[in-house]
Amino acid sequence: MAGELEPGSDGARPVFENIPEPDSPPVVVTVPQGAPAFTPQQALAYIYKADDWEDFTVEWVRALGLWNGRPYLRVKRMGGSGDRGADVAACLTPQGTAGEWHCYQCKHYSKALTQSDAWPEMVKIFTAKVLGEYELPTRYVFVAPKIGQTLDRLLLNPPKLKKDFLEAWDKADSKLGADLDPAVRQAVGDLARQTEFSMFEAADIENILELHATTPHHVRRFPEQLRPRPEADPAPAEQRADEAVYVQKLLDVYNEKYGLSLETLAQAREHERINRHLSRQREAFFHADALRLFARDSVPEATYEKIETNLYNAVVDIEDRDYNCGHDRLDAVIDAAAAHHPNPHNILAAVVEVIDLKGLCHHLANNHKLTWCKGESA
């Protein structure tokens, strides 16, 4: 489509391979009163099991897009017994792992990650280079909820990290690379001695959570207060294409009530009372649209849909009654919507305003679920 960004270009998502869509429950609810409160860091480190961590990292990885302003073109989940030391490969060039790329090694143990956990993974990535399977990544990132203090300090001191790794490698009884062909093991050791160990680092759990918080899955995993909802933009002066249906239904209301033949917004604006009423309805429509966009970026889709569905169920019987004219039907539905209270257990309820509820009626009309003029006699 013209104007769309290519995958991996600035501002676009990379191509994801072997990374499933995250599995979320249909509706995010608030934390039950009295439930124990855990910080996200505590949940990841002490409550999550390996499967929970794997699901979490899938959601986090799918949020990867840019690194220091440079786009990842492809993000592939390697995983499995043959991953050669790379759980997730994030590639910065079309050459993939034959070019510049970053390796994310995701580990979740009941204990903190230590050197004895890290050394074998580092051997795998060196071995993959020796066997011609990957180029060495320019960044190799251990992603774990808990990093042991000693390993964390070593990762901040590349020369010491290299020294300690090679000491473990060179021990007479070392099990590192013991399953390798002797010639390959020799080449792996030579490569490690030539490599700058600053490529190895530990992901900061705060940065992981900050990126995860940009996804709709964060509030589901860590139910807490939603991020602040931005102010809604005012209705544009000119009618947008996606307003056609509900605006026409409003024009029908005015034509029926006042005996007019309005066909456009411009014509409606020539009548002071109609213009005031129409302006309020459009402001409500766009306020509700801002709620929809906020929900899209903050919670799983069904969480917002539940707000809209419950409102529809609250007003549809009122809309279906007999009225003298369409304007009376519209007024009755809008009044009922303004008095409606969203389910307080839905996490979005706290940010839904009366103007949103009014605007959602016009969204429902726009989607042909509500209508105002049904041919009543005056």
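The values are calculated or read from the model by the stated rules, or taken from the named source; none is laboratory data. Owing to the predicted nature of the structure, the values given are computational and were not obtained by experimental measurement. Reconstructed Cβ throughout: ideal geometry from the backbone, glycine too, with neighbour counts over all protein chains shown.
See the values below:
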item: Given (1) touching a helix residue (DSSP H, G or I) at 6+ places or on another chain (Cβ under 6 Å); (2) not assigned by TED's automatic domain parsing to the domain that holds residue 109, index of the condition residue 154 fails; result: (2)
item: The stretch 212-251 - residue that is assigned to a helix (DSSP H, G or I) and surrounded by fewer than 18 Cβ atoms within 10 Å (Cβ to Cβ) and, of those, farthest from the chain's Cα centre (by Cα); result: 248
item: Residues of the stretch 341-354 classified as touching a residue at least 40 places away in the same chain (Cβ under 8 Å) and surrounded by fewer than 19 Cβ atoms within 10 Å (Cβ to Cβ), total; result: 6
item: Number of the exception - residue 87 against (1) out of contact with any Cys (no Cβ under 6 Å at 6 or more places or on another chain); (2) at pLDDT below 85; result: (1)
item: The stretch 185-209 - residue that is among the acidic types (Asp, Glu) and under 19 Å from residue 108 (Cα atoms) and, of those, modelled with the highest pLDDT; result: 201
item: Test: residue in the stretch 285-300 that is surrounded by fewer than 15 Cβ atoms within 10 Å (Cβ to Cβ), of a type outside the set (A, V, I, L, M, F, W, C) and more than 18 Å from residue 233 (Cα to Cα); result: no
item: Cβ-Cβ under 8 Å pairs, at least 6 apart or on other chains, the stretch 108-123 side touching a residue at least 12 places away in the same chain (Cβ under 8 Å), far side of a type in the set (D, E, K, R) and in a helix (DSSP H, G or I); result: 108/54; 109/117; 115/164
item: Conditions (1) without any contact (Cβ under 8 Å) to a residue 60 or more places away in the chain; (2) outside the structural domain of residue 345 (by TED's automatic domain parsing); (3) more than 15 Å from residue 363 (Cβ to Cβ); number of the one not met by residue 255; result: (2)
item: All positions within the stretch 129-147 that are touching a strand residue (DSSP E or B) at 6+ places or on another chain (Cβ under 8 Å) and of a type outside the set (Ser, Thr, Tyr); result: 135, 137, 139, 141, 142, 143, 144, 146, 147
item: Single residue of the stretch 54-70 satisfying the filter (surrounded by fewer than 19 Cβ atoms within 10 Å (Cβ to Cβ) and outside any loop (DSSP other than H, G, I, E, B)) that is modelled with the lowest pLDDT; result: 66
item: Members of the stretch 131-154 found to be over 18 Å from residue 89 (Cα atoms) and either surrounded by 21 or more Cβ atoms within 10 Å (Cβ to Cβ) or in contact with a Cys (Cβ under 8 Å, 6 or more places away or on another chain) (or both), listed by number; result: 145, 147, 151, 154
item: Matching residues in the stretch 295-340 - criterion: being free of Cβ contacts under 8 Å to residues at least 12 places away in the same chain and not in a helix (DSSP H, G or I); result: 320, 321
